[in-house]
Amino acid sequence: MRGLLTLRDLSTPEIMDIIELAIRFKKGWTVNFPGKKMVNLFYENSTRTQYSFQIAMINLGITPLSVNLATSSVQKGETLYDTVRTFESLGVDGVVIRHTQDEYYRELEGIKVPIFNGGDGKSDYPTQTLLDLMTIYEEFGRFEGLKIALVGDIAHSRVAHGNAEVMRRLGMKVYCSGPEEFADKDTAEYIDIETAVKTCDIINLLRVQFERHQEAMKMTKEEYHQNYGMTSERVAQMKNRAIIMHPAPINRGIEIASEVAECEKSRIYRQSENGVYVRMAVITLALQGKL
């Protein structure tokens with residue numbers, strides 16, 4: 001299947017090709033695909049991913065189409081495959097999909113237009129991983145030897161599950177930290193938050209995903225912030241060149257204090273900016289037959 005479903009299928013050189021192309025776009029390089037049309041098909045709410053894909057399409061001369069699922073045939077029971085197959089038959093040149101189901105794309109065998117995974121369940125989120133890597137590469141100029149702590153809701157995070165495997169492959173040392181009920185021992189080695197902020201080059205905060213929890217947290221939001229949140233006091237303990245990242249949306253006063261969200265160490269809004277260039281890169285490579 002064409003497009004970008006997971007980075008696990010790509011080699012390290014292929015991943016670097018995407019990052020380097022994204023950096024070229026950020027520096028002003030342009031390419032145009034007149035007459036092309038692509039669809040955003042989001043079964044979960046989204047701001048950054050949905051609209052950065054749209055802006056990426058517009059920047060590339062592609063007409064973006066967004067589906068309102070509430071008024072679509074999905075409400076009549078239409079399957080994911082039939083929805084995508086319908087758009088393919090209407091002549092679109094690619095489909096961006098976010099879905100609640102892990103590896104939803106396994107249902108789309110036979111679809112010939114490129115599929116771009118905008119996040120699947122708790123499994124993977126390849127363009128988020130790529131924009132995180134681009135942000136880190138811009139900052140440090142390398143991956144080898146860097147230490148990153150994924151902090152927070154590891155168990156429910158497709159960001160954590162997607163990032164950890166690729167970052168280790170690129171030579172980074174990956175740790176996780178956060179409440180015990182959110183831990184996932186298969187994702188990364190555990191490190192306590194106080195050690196993480198003092199020793200890691202990147203603190204990658206993760207959103208507490210209240211919508212995915214079957215039960216309430218064992219602590220209040222205030223307790224979470226005190227125990228695991230990025231406070232001004234924790235920022236003061238970070239290494240000089242260390243940075244703070246977060247896939248967003250951020251829960252201010254829970255994962256991160258408001259005054260920290262845009263402090264000098266924060267790269268949260270740069271990540272959002274880089275998301276446009278990364279998505280321009282993957283769309284370009286797919287339409288050129290290289291993904």
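Here, each number is a calculation from the coordinates, and none is a lab measurement. Everything numeric here is computed off the predicted structure, so don't read it as measured data. Positions of Cβ are generated from backbone atoms using ideal geometry, with glycine treated the same way; all protein chains shown enter the neighbour counts.
Where both bridge residues fall in the chain, DSSP classifies roughly 5% of the beta bridges as antiparallel. In terms of Cα atoms, the Rg and Dmax of the stretch 108-173 work out to 13.6, 41 Å. Taking amide hydrogens as placed 1.01 Å from N in the peptide plane, the amide H of residue 176 sits under 5 Å from those of 150, 189, 190, 191, each at least 5 positions away in sequence or on another chain.
All other residues with a Cβ under 14 Å from the Cβ of residue 264 taken together, and with Lys, Arg as +1 and Asp, Glu as -1, what is their net charge? It would help to have the intermediate numbers written out before the result.
Working: positive: 239, 241, 265, 267, 270; negative: 139, 259, 262.
Net local charge, residue 264 excluded: +2.
If you average the sequence gap of Cα pairs under 8 Å that are 6 or more apart and divide by the length of the stretch 126-271, what percent do you get for the contact order?
It comes to 24 percent, rounded to a whole number.
The DSSP beta bridges internal to the stretch 99-234 are antiparallel in roughly 10% of cases.
Would you mind checking the pairs 36/290; 218/265; 122/185 and listing those with alpha carbons more than 23 angstrom apart? Exceeds cut-off: 218/265. Shown here for the stretch 120-206: trypsin sites (Lys or Arg not before Pro) in loop regions (DSSP other than H, G, I, E, B) with at most 10 other Cβ atoms within 10 Å, namely 185. Under 5 Å from the amide H of residue 3 lie the amide H atoms of 115, 291, each residue being 5 or more positions distant or on a separate chain, with H modelled from the backbone and absent for Pro and chain starts.
Each residue of the stretch 54-64 was assigned a 3J(HN,Hα) from its phi angle through the Karplus expression (A = 6.51, B = -1.76, C = 1.60, θ = phi - 60°), giving 4, 5, 4, 4, 4, 4, 9, x, 9, 7, x Hz with x at Gly and Pro. The relative contact order of the stretch 45-154, computed from alpha carbon pairs under 8 Å that lie at least 6 residues apart in sequence, is 17 percent. Reducing the stretch 115-144 and the stretch 17-77 to their Cα centroids gives an inter-centroid distance of 17 Å. Three principal axis extents of the stretch 1-75 based on alpha-carbon atoms, in descending order, are 42, 29, 23 Å.
Taking every eigenvalue of the Cα gyration tensor of the stretch 1-136, multiplying by 5 and rooting it, what semi-axes result, largest first, whole Å?
Values: eigenvalues 120, 63, 39 Å².
In descending order, the three semi-axes are 25, 18, 14 Å.
Counted over the stretch 10-137, the DSSP beta bridges are approximately 10% antiparallel.
Using the alpha-carbon positions of the stretch 126-271, Rg (one decimal) and Dmax (whole number) come out as 13.8, 42 Å.
Quickly rank 23-30, 255-262 as a protection proxy: mean count of other C-beta atoms within 10 Å, highest first. Before the final figure, lay out each step's value.
On the way: 23-30: 13.2, 255-262: 17.9.
In decreasing order of mean packing, 23-30, 255-262 become 255-262, 23-30.
Couplings 3J(HN,Hα) for the stretch 177-194, derived from phi with the Karplus relation 6.51 cos²θ - 1.76 cosθ + 1.60 (θ = phi - 60°), are 8, x, x, 4, 6, 9, 6, 9, 5, 7, 7, 6, 5, 7, 9, 6, 4, 5 Hz, where x marks Gly and Pro. For the stretch 126-271, the Cβ-based charge dipole about the Cα centre amounts to some 420 debye (Lys, Arg positive; Asp, Glu negative; other atoms uncharged).
Around the Cα centre of the stretch 177-258, unit charges on the Cβ atoms of Lys, Arg, Asp and Glu (plus for the first two, minus for the last two) sum to a dipole of about 380 debye.
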